């Protein structure tokens, strides 16, 4: 299973009157002395020094590099109330701003929920807003030449003379917050509107219990970066964190170093325990062609490495504390990512040991989680593709099989363009092969290679699903359009008489256009970068469905009920202009990755109902099952 990502997706306009200067502090809340001691032990092992105690409250300050961590164990306080509900948790973050009172006033006017702080006499009263999971975001305007927020309220300890230089941690690299299922759009808007943070990338992270939509927020020239993790399922890693903590909140904190091997060595000597990485992870790195000496060093230290996008991202994870919070030590070498290459291994390692099997290949987690095994009796199905790009069908179908107890596996078959005939010949003699789906460009080529092709697929000029019959013959059909129609119906959209704008007249667009015509829509506008292609398809459909009004070109957006993207360009661009679009129009995206494309993001921000590529795929799954006779 793989992760999928797109970088630099558009975001709502950032607030231009607010520039977050940086992260000032992270505040932990503890419910009892045992939790406080456990956290102190971890912080000390990470190389943090005790830097002071609050003058009148049971609050401690720990420091290393530019990192300030506050441990709040005050019995009567917001922190203690927060800890009673959530357990050991990050109850507050401090962000540096130019003018805290001005920011508080303007953000209150924009709908933010302020928290009325009640400091004791003589204490600083730092303004705050409510954040994820009811936590606080303090607005700190004392920093740099303006002084600080610690010398006033804390009895500080000068640790410079102790000789202890820490473990080499310099600053906070990023903070991951898990949000309630389906709420990432709200929190993306919150951080954009109130703190000027933009969406840097969207990621799709699968694990054994589901998948998580992970959104990176930040400012291009700032170290302030948040990752919002929105689980699709209660059984995913993020979903379990929500259940454990009864709400969203900070799940992990990444701390940056310039020498991760030194940091890991020092912290281990101090007694810190790191997540044990499966040995097969390093075997895979060697297979991928990385320098064996470097991989040996990584394995000896338990450090992972991601090079996707250029440069290197070296990182290691601590074991989770009570409540599921953990730390990550990271070293960046001209790399902007966050370890996507490694996330499945991390999740697998956190779910169980399995780390001692040096030659073990990780099975798809959903199968392993539910006790399924692949053997000679397992029906083989899969997706044939010529691309390295990630596809979601295998994961979706594996989960579908496992939940229903069907003894089948869905694989990915890599076949180069021009070699499809060899694959088709092999498929005829594989007796435990039930069938497969296909991506472009194989969809077109299959039409001429199969024994049977449905009238629908011939009309479209493409096959996206193939069944192997008992006698070895191969039958093909196309379910793309039917799946989209089924998905719209499942979400309450009545297509009878609807006015539809279809962007894209390629194989996917053709399949959708014919299915829409058969579903009884009232008007269809086919919009393609090649006007002649759009006009040809419009003529073909109009000749068969004489009662349907079919136009070539973009329609009046105000007269559209359903707008569908069937192109491959809306990862970062929007082929359908939302300006003037009927506010009640449903916007449909057919791309599977990333899970939130630029079109989807802009449409949701504009208030439109949005149907994403995964929902469209879900509409096809039952059709695949029936065509491939998978219940037999």
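Based on this model, can you work out whether residue 126 counts as within 23 Å of residue 327 (Cβ to Cβ), surrounded by 19 or more Cβ atoms within 10 Å (Cβ to Cβ) and at pLDDT 85 or above? It is false that residue 126 is within 23 Å of residue 327 (Cβ to Cβ), surrounded by 19 or more Cβ atoms within 10 Å (Cβ to Cβ) and at pLDDT 85 or above. All but one of (1) under 24 Å from residue 242 (Cα atoms); (2) part of a loop (DSSP other than H, G, I, E, B) hold for residue 126, so report the exception by its number. Of the numbered conditions (1) under 24 Å from residue 242 (Cα atoms); (2) part of a loop (DSSP other than H, G, I, E, B), the odd one out for residue 126 is (1).
Scan the strands (runs of 3 or more DSSP E) fully inside segment 229-325 and keep the ones with 2 or more residues being surrounded by 18 or more Cβ atoms within 10 Å (Cβ to Cβ) and at pLDDT below 90.
Details: elements: 249-257, 304-306, 312-317.
Once the strands (runs of 3 or more DSSP E) in segment 229-325 are filtered for at least 2 residues that are surrounded by 18 or more Cβ atoms within 10 Å (Cβ to Cβ) and at pLDDT below 90, nothing remains.
In segment 446-479, what residues are free of Cβ contacts under 8 Å to residues at least 40 places away in the same chain and assigned to a helix (DSSP H, G or I)? The answer is 446, 455, 457, 458.
The condition (being at pLDDT 95 or above, over 17 Å from residue 499 (Cβ atoms), over 22 Å from the mean Cα position of the chain (by Cα) and surrounded by 15 or more Cβ atoms within 10 Å (Cβ to Cβ)) is satisfied by just one residue among 537, 623: 537.
Residues 100, 79: which one is surrounded by fewer than 21 Cβ atoms within 10 Å (Cβ to Cβ) and either at pLDDT below 95 or over 29 Å from the mean Cα position of the chain (by Cα) (or both)?
Values: 79 fails: surrounded by fewer than 21 Cβ atoms within 10 Å (Cβ to Cβ).
Unique residue meeting the criteria: 100.
Within segment 451-488, the set of residues being out of contact with any helix residue (DSSP H, G or I) (no Cβ under 7 Å at 6 or more places or on another chain) and more than 16 Å from residue 513 (Cβ to Cβ) comprises 451, 452, 453, 454, 469, 470, 471, 473, 475.
Taking segment 429-445 as the range and being surrounded by fewer than 24 Cβ atoms within 10 Å (Cβ to Cβ) and in contact with a helix residue (DSSP H, G or I) (Cβ under 7 Å, 6 or more places away or on another chain) as the test, the residues that pass are 433, 434, 435, 440, 444, 445. If I ask for residues that are out of contact with any strand residue (DSSP E or B) (no Cβ under 6 Å at 6 or more places or on another chain) and modelled with pLDDT of 85 or more, which ones from segment 1-35 would you list? If the condition is that a residue be out of contact with any strand residue (DSSP E or B) (no Cβ under 6 Å at 6 or more places or on another chain) and modelled with pLDDT of 85 or more, then 30, 31, 32, 33, 34, 35 are the ones that fit.
Taken residue by residue, segment 371-392 has at least one member that is in contact with a helix residue (DSSP H, G or I) (Cβ under 6 Å, 6 or more places away or on another chain) and modelled with pLDDT of 80 or more. Looking only at residues that are in a loop (DSSP other than H, G, I, E, B) and touching a strand residue (DSSP E or B) at 6+ places or on another chain (Cβ under 8 Å) in segment 480-527, which one is nearest to residue 458 (Cα to Cα)? My answer is 505. Taken together, the criteria place residue 489 among residues that are at pLDDT below 95 and surrounded by fewer than 20 Cβ atoms within 10 Å (Cβ to Cβ). Being surrounded by fewer than 17 Cβ atoms within 10 Å (Cβ to Cβ) and either more than 29 Å from residue 581 (Cβ to Cβ) or at pLDDT below 95 (or both): is that true of residue 477 here? In short, no.
The values are calculated or read from the model by the stated rules, or taken from the named source; none is laboratory data. Here the structure is a predicted model, which means the values were calculated and not measured. With ideal geometry, Cβ positions are generated from the backbone for all residues, glycine too; neighbour counts draw on all protein chains shown.
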